[in-house]
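Encoded as structure tokens, the structure appears first; notes follow it.
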Amino acid sequence: MEYGMLEELKELAEARHGKVSDIVAEALQIGISKLWQERVLSMYLRREINRKEAIKRVGLNVVELAERQKKASLDDVKWGLYG
């Protein structure tokens with residue numbers, strides 16, 4: 001049987017010896033951070049902001065990972081088209 005979100009929250013709170021509200025707050029913080037990274041990287045890859053600004057907003061490691069992923073995707077497309 002699949003757990004519902006409430007059961008998952010309760011189990012996480014018990015495992016951390018904390019409150020469900022603390023888990024919800026942390027999940028919200030993590031989610032917003034992830035959405036922010038996606039927004040900034042999207043802007044960077046569409047050339048709406050420069051590399052320096054993207055690094056300032058989300059960090060060098062995140063920007064470099066996005067660059068490697070973009071290159072890998074383009075390499076795959078090139079391989080698919082030309083062999």
GNM flexibility winner over the chain from Val24, Val40, Val63 (Cα, springs under 10 Å): Val24
Please compute the length gained on full extension between Arg46 and Glu8, using 0.36 nm multiplied by the number of residues separating them and subtracting their Cα-Cα distance. 9.9 nm
Which length gain, in nm to one decimal place, applies between Glu26 and Gln69 when the Cα-Cα distance is subtracted from 0.36 nm times their residue separation? 12.7 nm
Using the count of nearby Cβ atoms within 10 Å as a rough guide to exposure, how do Met5, Met43 rank from fewest to most? Met5, Met43
Roughly what % of Cα-Cα distances in the chain sit above 21 Å, to the whole percent? 54 percent
So how tilted is helix 5-15 from the main axis of the chain? Cα-based, degrees 0 to 90, rounded to 10. 80 degrees
Assuming 0.36 nm per residue, please report the length gained on full extension of the stretch Arg39 to Val62 beyond their Cα-Cα distance. 7.1 nm
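A short reminder: the numbers here are calculations on the coordinates, not readings from a lab. Only a predicted model underlies this, so the values are computations on that prediction, with no experimental measurement involved. With ideal geometry, Cβ positions are generated from the backbone for all residues, glycine too; neighbour counts draw on all protein chains shown.
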